[in-house]
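Take a look at the structure below.
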Amino acid sequence: PELSEEPPAEMVKMTKSKTFQAYLPNCHRTYSCIHCRAHLANHDELISKASGSQGRAYLFNSVVNVGCGPAEERVLLTGLHAVADIYCENCKTTLGWKYEHAFESSQKYKEGKFIIELAHMIKDNGWE
């Protein structure tokens, strides 16, 4: 008999995927998910403080422990953008969005950057 690429259906086991969680160094001020305390961003990655759809929000260069949904076009306060909702990989709470594409040249600097709303994060490590 030929060897098939995939095992027969009766041999496939369903396993719950393990959530990987990245930890940022303790020597830096960090932001964490307010719901589950998973690390989200290093303060050094903060670009600006702005307004999100539900109040104040921060714009970051990079984030950790977040998943990204499908991109869609939305009219935001700064114009039309293609954005994808981002969520905490640990507790699945929607945190904000990622800018995939900016249609106005003055907003191009946001492409590939992340908005996290203040309502969903807490400051950790060395803020005193």
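The values are calculated or read from the model by the stated rules, or taken from the named source; none is laboratory data. Because the structure is predicted, anything quoted here is derived from the model rather than measured. Cβ sites come from the backbone with ideal geometry, for glycine too, and all protein chains shown count toward neighbours. These accessible areas exclude ligands, DNA and RNA; they are computed on the full protein's heavy atoms, side chains included. Shrake-Rupley method; radii C 1.70, N 1.55, O 1.52, S 1.80 Å.
Considering the stretch 44-84 alone, what residues qualify as being of a type in the set (G, A, S) and touching a residue at least 60 places away in the same chain (Cβ under 8 Å)?
Within the stretch 44-84, A50, G52, S53, G55, A57 qualify.
Across the stretch 40-51, what is the number of residues that are in contact with a Leu (Cβ under 9 Å, 6 or more places away or on another chain) and open to solvent by 20 Å² or more (accessible area, probe 1.4 Å)?
Going through the stretch 40-51 one residue at a time, the tally reaches 7.
Would you be able to say whether some residue in the stretch 46-53 is under 19 Å from M121 (Cα atoms), of a type in the set (K, R) and at pLDDT 95 or above? Spell out the reasoning first.
Of the stretch 46-53, the ones under 19 Å from M121 (Cα atoms) are 46-53.
From what's left, of a type in the set (K, R): 49.
Filter once more, keeping what is at pLDDT 95 or above: none.
No: zero hits.
Among the residues in the stretch 52-59, are any open to solvent by 60 Å² or more (accessible area, probe 1.4 Å) and farther than 23 Å from H28 by Cβ?
Checked against the condition, which is being open to solvent by 60 Å² or more (accessible area, probe 1.4 Å) and farther than 23 Å from H28 by Cβ, the stretch 52-59 yields at least one hit.
If you take the residues of the stretch 99-128 that are open to solvent by less than 50 Å² (accessible area, probe 1.4 Å) and assigned to a strand (DSSP E or B), which of them is farthest from L59 (Cα to Cα)?
Filtering the stretch 99-128 for residues that are open to solvent by less than 50 Å² (accessible area, probe 1.4 Å) and assigned to a strand (DSSP E or B), the one farthest from L59 (Cα to Cα) comes out as D124.
Looking at (1) outside any strand (DSSP E or B); (2) hydrophobic (A, V, I, L, M, F, W, C); (3) over 16 Å from the mean Cα position of the chain (by Cα), which is the only condition C91 fails?
Unmet condition: (3).
Over 12 Å from the mean Cα position of the chain (by Cα), under 28 Å from N125 (Cβ atoms) and open to solvent by 40 Å² or more (accessible area, probe 1.4 Å): is that true of S62 in this structure?
So S62 fails the test.
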